[in-house]
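All remarks here apply to the structure that follows.
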Amino acid sequence: MRAGDWLIVSGQIGLRDGALVDGGVDAEARQALANMAALLAREGAAMSDVVKTTIFLHHISDYALVNDLYIEAFGDHRPARATVAVAGLPLGALVEIEGWAWVGGNA
């Protein structure tokens, strides 16, 4: 969804081919981040344009693992982030990640 100079990526879960990937939170987080990157690319943006994310975890004990995958996906670029534990996610997912990308040029 574009809103002016912003591109807002709705929460992404580990869906591939219409189903959650197998492999637990590791696989789901990798797929959610890949889905985010693909959505951004379709709009001419990249992970480096993301300035804010929110991560929803079914189990807060998965924070360290998801944090490592997050660092892997974003590299040296570190968007502002909030991570919260939730009682449930769509389709029984273990992780959901949303992002806000600035696509308006130099700030």
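Reported count of residues in the stretch 1-17, each being crowded, with 17+ Cβ neighbours inside 10 Å and either in a helix (DSSP H, G or I) or among the hydrophobic types (A, V, I, L, M, F, W, C) (or both), is 3.
Does E72 satisfy the criteria of being over 18 Å from W100 (Cα atoms), free of Cβ contacts under 8 Å to residues at least 40 places away in the same chain and of a type outside the set (F, W, Y)? Yes, satisfied. Here R81, R2 are screened, and the one residue that is modelled with pLDDT under 95 and either of a type in the set (D, E) or within 19 Å of A101 (Cβ to Cβ) (or both) is R2. With respect to L33, determine if the residue is at positive phi and touching a residue at least 24 places away in the same chain (Cβ under 8 Å). No: the conditions fail for L33.
The residues of the stretch 53-101 that are of a type in the set (A, V, I, L, M, F, W, C) and part of a loop (DSSP other than H, G, I, E, B), listed by number, are V86, A87, L89, A93, L94.
State whether the residues of the stretch 46-65 include one that is more than 14 Å from V9 (Cα to Cα), of a type in the set (D, E) and modelled with pLDDT of 95 or more. Looking for residues that are more than 14 Å from V9 (Cα to Cα), of a type in the set (D, E) and modelled with pLDDT of 95 or more, one finds at least one in the stretch 46-65, hence yes. Of the residues making up the stretch 18-52, just one is part of a strand (DSSP E or B), buried (at least 17 other Cβ atoms within 10 Å of the Cβ) and touching a strand residue (DSSP E or B) at 6+ places or on another chain (Cβ under 9 Å), namely V50. Here the condition is being of a type in the set (A, V, I, L, M, F, W, C), surrounded by fewer than 18 Cβ atoms within 10 Å (Cβ to Cβ) and touching a residue at least 40 places away in the same chain (Cβ under 8 Å); of V103, V84, V95, V66, it holds for V103 alone.
The values are calculated or read from the model by the stated rules, or taken from the named source; none is laboratory data. Source: prediction; values computed, not measured. Glycine gets a Cβ as well: all are built from the backbone with ideal geometry, and neighbour counts include every protein chain shown.
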